[in-house]
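Undergrad: Here you go, one structure.
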Amino acid sequence: MSGRIRRQIAQWGGVTLLASYVAWGIAAPGEPYTDLTRTSLVSMGADLFRHEWTPNDPLSGGGDGLGPVFNANSCARCHSQGRVGGSGSNEHNVQAFEVLPNRQDLDGHVGVVHASAVDDALRETIHTVQKLFPIVPKARRIVGGCSIEVVDLDPVLFDEVSTPSLFGAGLIDSISDATIRNSLRWRQIRSVGAELAGDFQQTPSGRVRVLPDGRIGKFGWKAQFATLEEFVATACAVEIGLSNPMRKQDRPGAHVPDEEAALDMNQQQLDSLVAFCRYLEQPERVLPAETGARELAIHGEQLFASIGCADCHTPNLGSVKGIYSDLALHRVVQPQVRLEYGRIEFEVPIPSSNPRPDEWKTPPLWGVADTAPYFHDGRAPTLRDAIMHHHGEALTVRERFEHLSARDQEAVIAFLKTLRLPEEKPQAAPEPTQPANPRPVVAHIVP
């Protein structure tokens, strides 16, 4: 054991996260990356997930620790509903924003409002974001020889977003781009067949989000992340202010990565957090024991498919069973503003690859019984409310639900209540450390 680790354990009294580093044979911050078993890496990640970070935190290894701007001081502070790793209540919602492309910012921009800061002067609000991205004044431009007035444009759109559950995240990460694309292609083929047969009430198939590098987005409410690692790294940097090898913390008031910031997390710490999230169990289907209630839930599952809910909330995606999502973007909410592509007053069109303001990724329904409130902003306190808030592409399906008898509506809700988060199981005895590779490749571990 190095002298540095001994000094830190003595300083912290031994009963700390640092002590667990030693117990598992894991390097302390700043120490070389060691060989780990999956169990030891996940255990370290579980401790980090719960760790409440402070400014200049000893675990930051030379970085500035928490902040300087942040929304929470730990992962578990928000991901705790049901159990650690779950969703979060509305009190943990954050304000996300998107800057529409305009003549002052051709590329657009996305970010979150940091409601907390280590220095009150750095705290951000909706107003500070609006000042950073002010209204683009009206102007005149020539189109086809005609002079056309372009209206004032407030380029910033705000959305309140809630904390998603992370259970089953590793399985989602394992779904290939080809699987997602093929699922949508087969659905489009079936829709064409139905229309040729005279059925024009098919639910639109939505679209995958293709990121600039060609990969498909699977994580985040707007499918803005292709991998679990990117999702975790960005959450650490943006929500807690922890610079890591994949994403630096935000520069206060600028909403861009601070490339000069020292690392608060090393690669091993980031890998351990990803491993913890990757191996959170898959949510379960739990049918009632009582015969009548069980039959009602089974009938509700059949209705869920027959009225079209399963068109977007696809039960299975490739080899991942019970996910109830196509991971595609759909227009299912009423937009804040009318944004039609090609409208002349928007000088810079929204790139077709970007989600529209009213497009959101279909959230997986596994565990939905334990993850209220619902929708991207937590606007729906109950499962019935969530169904009734569906608009746009899902309006026809919602209307079919409304036309069901009261008993059948109850059956659909009963089915959704069988989709539960997994019960916490007793922790298994730790595996002994067995050095194998110079550095574990966490992303390639198969459960």
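Quick note: the coordinates plus some simple rules give every number you see, no bench work behind them. On a predicted model such as this, the values are computed, not experimentally measured, just so you know. Here the Cβ is made from the backbone with ideal geometry for all residues, glycine too, and neighbour counts use every protein chain on show.
Undergrad: Using a Förster distance of 56 Å, how high is the FRET efficiency between Val286 and Leu122, based on the Cβ-Cβ distance and rounded to 0.05?
TA: Efficiency computed from Cβ-Cβ geometry: 0.75.
Undergrad: Can you sort Lys131, Lys222 from fewest to most other Cβ atoms within 10 Å of each residue's own Cβ?
TA: Lys131, Lys222
Undergrad: Hey, another quick one. Write down the radius of gyration of the range 269-327 and its Dmax, each obtained from C-alpha positions, in Å.
TA: When restricted to Cα atoms, the range 269-327 yields Rg and Dmax of 15.7, 49 Å.
Undergrad: Give me the extension gain from Asn90 to Glu259: residue separation times 0.36 nm, minus the current Cα-Cα distance, reported in nm with one decimal. Don't jump to the answer; show the numbers that get you there.
TA: Numbers: separation 169, 0.36 × 169 = 60.84 nm, distance 3.18 nm.
Value of the extension gain: 57.7 nm.
Undergrad: Multiplying the sequence separation of Arg185 and Leu211 by 0.36 nm and subtracting their Cα-Cα distance, what value in nm do you get?
TA: Details: separation 26, 0.36 × 26 = 9.36 nm, distance 1.86 nm.
Net length gain for the segment: 7.5 nm.
Undergrad: How much length would be gained if the chain were fully extended between Leu404 and Thr382, taking 0.36 nm per residue of separation minus their Cα-Cα distance, in nm to one decimal? Let's see the in-between values first.
TA: Working: separation 22, 0.36 × 22 = 7.92 nm, distance 1.83 nm.
6.1 nm is the gain from fully extending Leu404 to Thr382.
Undergrad: For Lys425, go through the aspartates and glutamates and keep the ones whose alpha-carbon is under 15 Å away, minus same-chain ones fewer than eight residues off.
TA: Glu281, Glu284
Undergrad: Here's a follow-up. As a footprinting exposure proxy, order Trp366, Trp221 by other Cβ within 10 Å, with the fewest listed first.
TA: Numbers: Trp366 28, Trp221 17.
The fewest-first ordering by Cβ neighbours comes to Trp221, Trp366.
Undergrad: Please report, in debye to the nearest 20, how large the charge dipole of the range 236-314 is about its Cα centre when each Lys and Arg carries +1 at its beta carbon and each Asp and Glu carries -1 there.
TA: Details: 6 positive and 13 negative charges, 14 e Å.
Dipole size: approximately 60 debye.
Undergrad: Working from the pairwise distances between different alpha carbons, so that the mean of 1/r is found and then inverted, what is the range 205-294's Kirkwood radius in Å? Write out the running numbers ahead of the final one.
TA: Details: mean 1/r = 0.0645 Å⁻¹.
Value: 15.5 Å, from the Cα pair sum.
Undergrad: Rounded to the nearest Å, what's the spacing between the alpha carbon centres of the range 43-95 and the range 259-274? Just the number, please.
TA: When both Cα centres are located, 14 Å separates them.
Undergrad: Given the Cα atoms of the range 345-414, and with Rh set as the inverse mean 1/r over their pairs in the Kirkwood sense, what is Rg to Rh to two decimals?
TA: Details: Rg = 15.5 Å, Rh = 14.2 Å.
Answer for the range 345-414: 1.09.
Undergrad: If I take R0 = 22 Å and measure r between the Cβ atoms of His391 and Phe158 in this structure, what FRET efficiency does the formula 1/(1 + (r/R0)^6) give, to the nearest 0.05? Display every interim value, and only then the final one.
TA: Numbers: r = 19 Å, r/R0 = 0.87.
After rounding to 0.05, the efficiency reads 0.70.
Undergrad: So which lysines pass the test for Lys222, namely a Cα distance under 16 Å, with those fewer than 8 places away in the same chain ruled out?
TA: Qualifying lysines at Cα under 16 Å: Lys361.
Undergrad: How would you rank Glu301, Glu295, going from fewest to most other Cβ atoms within 10 Å of each one's own Cβ? Can you show the working numbers first?
TA: Values: Glu301 21, Glu295 14.
In order of increasing Cβ crowding within 10 Å: Glu295, Glu301.
Undergrad: Assign one of three labels to the range 74-131, namely rounded, prolate or oblate, based on the Cα gyration tensor with a ≥ b ≥ c the square roots of its eigenvalues; rounded applies when a/c is under 1.5, prolate when it is not and a/b is larger than b/c, and oblate otherwise.
TA: Working: a/c = 3.37, a/b = 1.78, b/c = 1.90.
Taking the square roots of the gyration eigenvalues as a ≥ b ≥ c, the range 74-131 is oblate.
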